[in-house]
Structures are given as C-alpha cells and as structure tokens.
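Asker: Before I ask anything, let me first share the structure, which is written out below as structure tokens.
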Amino acid sequence: MGVMRILDSSGDTKVLWEVDDDEALARAASLFDELSTEGKLAFERKGSQTETSRIREFDPDAEEIIWVRPIQGG
Amino acid sequence: MASLQPLEELPGSGLLVEVVGGDHDGELLVLVSERRGSRCRQAADLLGPCEIGDDVRATLALVESDCRGSSRDVARGPGRIRARRPSATRARSAPSQTAARWLLESLLDEAQLASWRDRGRFEVPVPDGTVELGELYNLRYRRHDGREFALCVVPSSHASLPLDDIWTNLLLMLRSDPERFFAVANYREYGSFGALLPGPVPRG
C-alpha cells in the first residue's frame, strides 16, 4: 500500500492506494498532478527513515510520498 | 474549561502554548515569566495583541498551581500572558501538532532526533556547513569557515501549518535543494540586529 501525506493544517492529509486497485491508483495519480500544478513539491521516502528524494512523476510503487510547500524568504 | 497544550520552548525562555477547548480554542499564547528575556518579547510581538477570557485565566491559575515546587519555570499566571495568534491560525489544534511531530521525528536521523528532543532544534548538513532548524525566522547557518548567518525562510502560507510541519517542510527542502534554500532566504550576520538582506546568502 502506498500513502501520500500532504502537509496541511491538520498535520497531514493521507491518501492511500493499492497497486492492484485501479480506481484508487487513478485518484492518487490525478491528485499528484493536481498538487504539482499547484506548485507543491513531492518527496519519496525510501529504505531508511531519513532517505528522501524529490520526485516529479507519480510512482505507483512508492511506499510513501510527502508533499511540501514551496519556500520563500520570511 | 480550557487546557493548555505546550508547543515549543522559545529562545530567551518563553513557552508557546495552544489553548484547547473553551472560548479561545486553537489560539496560541506565549507564556512569559519574570525571568523571560527580550527575545521572547519579540516573539510575542510577532503573535499580536493579548486578549484572553476567564476560562484561560482559570486554566492558567491551575497551571501555576501545578508548577509550584517544580524546577521547571513554565507559567506564572495570567498577568504574564503576552499574546495570542490571530484567528486565521486557529487550525493549529493539538491533534494536528501531534501528527506533525510524529512525521517530523520519523524523518530525523539518530543524532538529529536526540538534539531535537533535548534542545528543540537540530542541524541539517549542507555542503559548506550546517543549518539549524528549530527557531522560526531565525535559522542559524554555520559555515565551515566560521562565519554565521541568521536565515529567515518559511514555507508558503506557513501560518496555516502546525509548527512541526514547518520544520518537516524546511528539512526536506534543505536536504534536496540547499541552493534553492539559500537563494530565497533573507539573512543577516548571526547575532546582529541589522535589517534582513534578500538572498542569495553568501556561501563559504
């Protein structure tokens, strides 16, 4: 099962999918595109807890994708 | 009656807490004791004017009572309340902070986690030094050559995020693209009180 965590006021909103669930997979892929269009940035967590890398396309096999916001000077 | 959820020890000895329940549910307060320093007052000024109700006063009286005899200098009573967040930030509820804390800690390595739990801040290595996360609007950038800068970088619309989500956001950005981080940062020499300069930050 894969999970997308989208940082928001609730902490994070989770979106789950299974690779063999076409409907859930399509929803997750569509959401990925939508968030990318909004300018948010996706990171896939791999292997170790701390290993994350930026991704630009939805990976159905990803275990965890964390969405963050663009940064700016404060 | 409302209760208070501690969120963050502020530099200069303040405590950022969130009101849970009551008329002021979701509002943030900075508690300042008689020993609190000027930096905490700066933080309070950032949060806005003070305005509290009787339910919070009653809770603070309980907090004060609980802390008597404790070595931890937490809250000294309603007279020390400095500020509250504007209503736009009411979404920072205790469950959201718990979720954000869990995610952040899951992303830290062993040394970072120990530092975070001990000091409320942790260092992220970058090619020419480290950036310390944990003090909002005042991120300490230590270059290997000894120069230090205070950086101000935030996620967009960061006021709607729980504080620990802000650290998660900055952590992932720093790890993946430090050049972007230093390009957008406003900065000044660490410890100075000069105006912030627009990025890019001078690199070592």
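Asker: Add +1 for every Lys or Arg and -1 for every Asp or Glu among the other residues with Cβ under 14 Å from the Cβ of A:L31, and state the total. Mind dumping the intermediate values first?
Answerer: Working: positive: A:R5, A:K14, A:R27, A:K40; negative: A:D8, A:D12, A:E23, A:D33, A:E34, A:E38, A:E57, A:D59.
Net charge in that neighbourhood comes out at -4.
Asker: Tell me the mean residue ellipticity at 222 nm calculated for chain A from its helices only (DSSP H runs of n ≥ 4, each -39500 (n - 2.57), averaged over every residue, nearest 500). Don't jump to the answer; show the numbers that get you there.
Answerer: On the way: 1 runs with 16 residues, N = 74.
Helix-only estimate at 222 nm: -7000 deg cm²/dmol.
Asker: While we're here: Taking the Cβ of each residue in A:T37, A:T52, B:T130 as the centre, tally the other Cβ atoms inside 10 Å and list the residues starting with the fewest.
Answerer: Placing the least packed residue first, the sequence is A:T37, B:T130, A:T52.
Asker: Still on this structure: Which order results if B:W102, B:W116 are arranged by neighbouring Cβ count within 10 Å, fewest first? It would help to have the intermediate numbers written out before the result.
Answerer: Details: B:W102 12, B:W116 20.
Starting with the residue having the fewest Cβ neighbours, the order is B:W102, B:W116.
Asker: On to the next question. Which residue, A:E44, A:E64, A:E34, tops the fluctuation ranking in a GNM of chain A built on C-alpha contacts under 10 Å?
Answerer: A:E34
Asker: What does the charge count near B:E189 come to, summing +1 for each Lys or Arg and -1 for each Asp or Glu among other residues with Cβ under 14 Å from its Cβ?
Answerer: On the way: positive: B:R140, B:R142, B:R143, B:R147, B:R188; negative: B:D145, B:E148.
The answer is +3.
Asker: Can you pull a Stokes-Einstein diffusion coefficient for chain A at 20 °C (1.002 mPa s), Rh from Kirkwood over Cα pairs, as a whole number of µm²/s?
Answerer: Values: Rh = 12.7 Å.
Roughly 169 µm²/s, to the nearest whole number.
Asker: To make sure I understand, if each residue's beta carbon is the centre and we count other beta carbons within 10 Å, what order do A:L25, B:L103 fall in, fewest to most? Can you show the working numbers first?
Answerer: Numbers: A:L25 16, B:L103 19.
Fewest to most other Cβ atoms nearby, the residues stand as A:L25, B:L103.
Asker: A follow-up question, please. Lys and Arg at +1, Asp and Glu at -1: add these up for the other residues within a Cβ distance under 13 Å of A:R56 and post the number. Before the final figure, lay out each step's value.
Answerer: Numbers: positive: A:K40, A:R54; negative: A:D33, A:E44, A:E57, A:D59, B:D177.
Local net charge: -3.
Asker: For B:W102 and B:H144, what does the FRET efficiency come to when R0 = 45 Å and r is the distance between their Cβ atoms, rounded to the nearest 0.05?
Answerer: Values: r = 33 Å, r/R0 = 0.73.
Result of the calculation: an efficiency of 0.85.
Asker: Say R0 is 45 Å: what FRET efficiency, to the nearest 0.05, do A:D61 and B:D118 get from their beta-carbon distance? Before the final figure, lay out the partial values.
Answerer: Details: r = 37 Å, r/R0 = 0.83.
With a Förster radius of 45 Å, E is 0.75.
Asker: Using only alpha-carbon positions, what ratio does the radius of gyration of segment B:116-204 give when scaled by 2.2 N^0.38 Å?
Answerer: On the way: Rg = 12.2 Å, N = 89, 2.2 N^0.38 = 12.1 Å.
For segment B:116-204, the normalised Cα radius of gyration comes out at 1.01.
Every read-out reported here was derived from the displayed coordinates using simple, explicitly stated rules and does not represent laboratory data. Please read these numbers as outputs of a predicted model, since none were measured by experiment. Note: ideal-geometry Cβ built from the backbone for every residue, glycine included; neighbour counts use all protein chains shown.
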